[in-house]
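Note sheet for the following structure.
The values are calculated or read from the model by the stated rules, or taken from the named source; none is laboratory data. Every value quoted in this text rests on a predicted model; they were computed, and no experiment measured them. Cβ atoms come from the backbone with ideal geometry, glycine included; neighbour counts cover every protein chain shown. SASA here: full protein model, heavy atoms, side chains in, ligands and nucleic acids out. Shrake-Rupley method; radii C 1.70, N 1.55, O 1.52, S 1.80 Å.
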Amino acid sequence: MRFPVKKRNIIVASMLLTALVIRLFVLWKYGLDLTLNSDDMGYVRSGKRLLENGMLTYHHESEPTVHIMPGMPILLAAIFFFFGTGDIGLYAAKVVMILFGVASVYLIYVIGKDMNQEWAGIIAGFFTALFVPLIETDNLTLTEPPFLFGFLLFIHFAIQLGRNHKMSTFYWLMFSYLFCLLFRATFALIPFALLGYFLLIKYPLRLAWKQLGVAVLLVIIVLGPWWVRNYIHYKEFIPLTGGSGDPLLLGTYQGYGYRYGEPYKEVIKKIDEQYPHISNYEKQKLEKQIAIERIKKWYHANPKQFIESYTTKKAKIQWEQPFYWIEILGVPKTVMISLHQWIVSLAFASMALTLLLLKRNRKELLFFTFIIAYFTILNNVFFAYPRYNLPLMPLLFLYIGLLVSAVPFVFFRKKTTSS
């Protein structure tokens, strides 16, 4: 359905204004007290140290980190450069996160419009604007707000490139890919989902090879300084981060994993006692070795339970609850969990139904499915956690919007045909 320009602008403006007002209201109501006192403050400290002494750190002030990608500390350091590292700077950082969140509301609408499903984009936009866990996260200094922005930008330009094949669109796609990669290393292999989409649409092979060569060059140019910096500090080639050991180890305790070996806390305690002076990177490597041994032992002892844990059980952990640590706006966690489960169930049902009903958009719908499958499988390998799927929620809202839009159209078409 196409809207008159004036009506469309009013609806989109009201959607964005809703997203902005409610997020600013949360900032006004809770201020700097709304914090997890976890990763969010870790990034703040990292940004401050980067600004003060030029060193990227995370766990310890004097230890160069490879635990995280540099995007978030660089972003926060830039904000603190202009607004200071005190309360004003922290408020400014939260406002920037909010602006990323509002931009993401607009982008999910644009993706719906890209598919000639404007109503679906509007429905997804309003869902994204009003979803309480996203509102909360946009008031925290976490990677989610900028990453979600870049992620939706990537999807938008992927669809555009699939249609127009323009180099200018390709460069925007690469910008969004590299932007996301600077915030989350888990985005590195998303081109495999893109490859699946390009195979579906029969993207020109000769052009694809040319663009692949340019893409590799751009990755080297952007990440080259990061590789050099990591080699200087650790005398190793570390392409992204060296922080996978702990989530890999934690993941071996999910599902039936708790039955094998020592408890997680005991493992960490022994490492700390035996190697009190090692760097966090060296500790992560030890945790990775222990995790691999636990996986081998578990698989040989009970392969059925191992496979079940690393597929269905971990997937259930990822999707059964929202990332909603702190209750805001009077919304209890129990209510949010029930609503989240209803949304996820409806969205996954919508995935199947829209593939049947919306034949024109089937290739884009399969692309979204590839993306959701990619992140779900990747998170199953490591530590399954609802937070990692939060950026996927706008895509689920889009699926719901597409189904809501498709059902009346199919009904009307059948009615017209019968008459």
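Report the semi-axes of the equivalent ellipsoid for the stretch 32-101 in whole Å, largest first, where each axis is √(5λ) for an eigenvalue λ of the Cα gyration tensor.
Square roots of five times the eigenvalues give 19, 13, 11 Å.
Roughly how far apart, in whole Å, are the Cα centres of the stretch 336-387 and the stretch 193-241?
Value for the Cα centre distance between the two parts: 26 Å.
Between the helical axis of 39-53 and the dominant principal axis of the chain, each derived from Cα atoms, what acute angle in degrees is found, rounded to the nearest 10?
The angle comes out near 70 degrees.
Looking at GLY54, VAL105, LEU182, which one has the Cα that reaches farthest to the positive end of the dipole of the chain (charges on Cβ: Lys, Arg +1; Asp, Glu -1)?
VAL105
Please turn the phi angles of the stretch 127-139 into ³J(HN,Hα) values with the Karplus equation 6.51 cos²θ - 1.76 cosθ + 1.60 (θ = phi - 60°), one per residue in order, whole Hz, x for glycine and proline.
These are the phi-based 3J(HN,Hα) values: 4, 5, 5, 9, 5, 4, x, 6, 4, 5, 5, 5, 9 Hz.
Starting from the Kirkwood Rh over alpha-carbon pairs, what translational D in µm² s⁻¹ does the stretch 1-140 have by Stokes-Einstein at 10 °C and 1.306 mPa s?
Translational diffusion coefficient: 96 µm²/s.
Give, in nm to one decimal, the length gained when the segment between GLN289 and ALA13 is fully stretched (0.36 nm per residue of separation minus the Cα-Cα distance).
94.1 nm
Which of SER14, LEU402, PHE368 sits farthest toward the positive end of the charge dipole of the chain, with +1 on the Cβ of Lys and Arg and -1 on the Cβ of Asp and Glu?
LEU402
Write down, largest first, the equivalent ellipsoid semi-axes of the chain in whole Å, where each equals the square root of 5 times an eigenvalue of the alpha-carbon gyration tensor.
Semi-axes, largest first: 36, 26, 24 Å.
Have a look at GLY71, TRP319, LEU199 and report the one farthest towards the positive end of the charge dipole of the chain, computed about the Cα centre with Cβ charges (Lys/Arg +1, Asp/Glu -1).
Value: LEU199.
Please give the charge dipole size of the stretch 271-419, origin at the Cα centre, charges +1 on K and R Cβ atoms and -1 on D and E Cβ atoms. Round to the nearest 20 debye.
Dipole magnitude for the stretch 271-419 comes out near 840 debye.
Amide H neighbours of THR57 under 5 Å, counting only residues 5+ apart in sequence or on other chains, H built in-plane at 1.01 Å?
Answer set, sorted by chain and number: LEU50, THR65.
At 0.36 nm per residue, minus the direct Cα-Cα distance, what do LEU329 and GLU52 gain on full extension? Give it in nm, one decimal, please.
Here the segment from LEU329 to GLU52 would lengthen by 96.1 nm.
Is there a quick way to get the dipole size of the stretch 139-297? I mean about its Cα centre, with the Cβ of Lys and Arg at +1 and of Asp and Glu at -1; what is the value in debye to the nearest 20?
Dipole about the Cα centre, nearest 20: 560 debye.
Does anyone have the angle between helix 205-234 and the longest principal axis of the chain? Alpha-carbon axes, 0 to 90°, nearest 10?
30
Give the angle, between 0 and 90 degrees and rounded to the nearest 10, that separates the Cα long axis of helix 5-30 from the longest principal axis of the Cα atoms of the chain.
Tilt of helix 5-30: around 30 degrees.
Under the 0.36 nm per residue contour assumption, what length would be gained going from the current alpha-carbon distance of LEU353 and ILE220 to full extension?
Separation in residues times 0.36 nm, less the Cα-Cα distance, equals 43.7 nm.
For the chain, with only Lys/Arg (+1) and Asp/Glu (-1) charged at the beta-carbon, what is the dipole magnitude about the Cα centre, in debye rounded to 20?
Roughly 1920 debye, rounded to the nearest 20.
Quick check: at a probe of 1.4 Å, how many percent of the accessible area of the chain sits on carbon and sulfur atoms?
Roughly 67 percent of what the probe reaches on the chain is carbon or sulfur.
Can you list the HN-Hα couplings for the stretch 147-155, worked out from phi with the Karplus curve (6.51, -1.76, 1.60; θ = phi - 60°), rounded to whole Hz and with x for Gly and Pro?
Here the 3J(HN,Hα) series is 5, 4, 4, x, 4, 5, 4, 4, 5 Hz.
What spacing in nm lies between the two simple spin-label points modelled at LEU195 and LEU36, each 7 Å away from Cα in the Cβ direction?
Label-label distance for LEU195 and LEU36, simple model: 3.1 nm.
Sort the stretch 109-213 into rounded, prolate or oblate with this rule: let a ≥ b ≥ c be the square roots of the eigenvalues of the Cα gyration tensor; rounded if a/c is under 1.5, and if a/c is not under 1.5, prolate when a/b is larger than b/c, oblate otherwise.
Note, shape of the stretch 109-213 comes out oblate.
Residue by residue, what Karplus-based ³J(HN,Hα) values in Hz, rounded to whole numbers, does the stretch 318-328 have, using 6.51, -1.76 and 1.60 with θ = phi - 60° and x for Gly and Pro?
Those phi angles translate into 5, 9, 7, 9, x, 7, 8, 6, 10, 6, 10 Hz.
Based on the mean of other beta carbon atoms within 10 Å per residue, what is the order of 103-111, 297-305, 381-389, most packed first?
The most tightly packed comes first, giving 103-111, 381-389, 297-305.
Probe of 1.4 angstrom, ligands and nucleic acids ignored: what's the accessible area per residue over the chain, in square angstrom?
Heavy-atom SASA per residue in the chain reads 48 Å².
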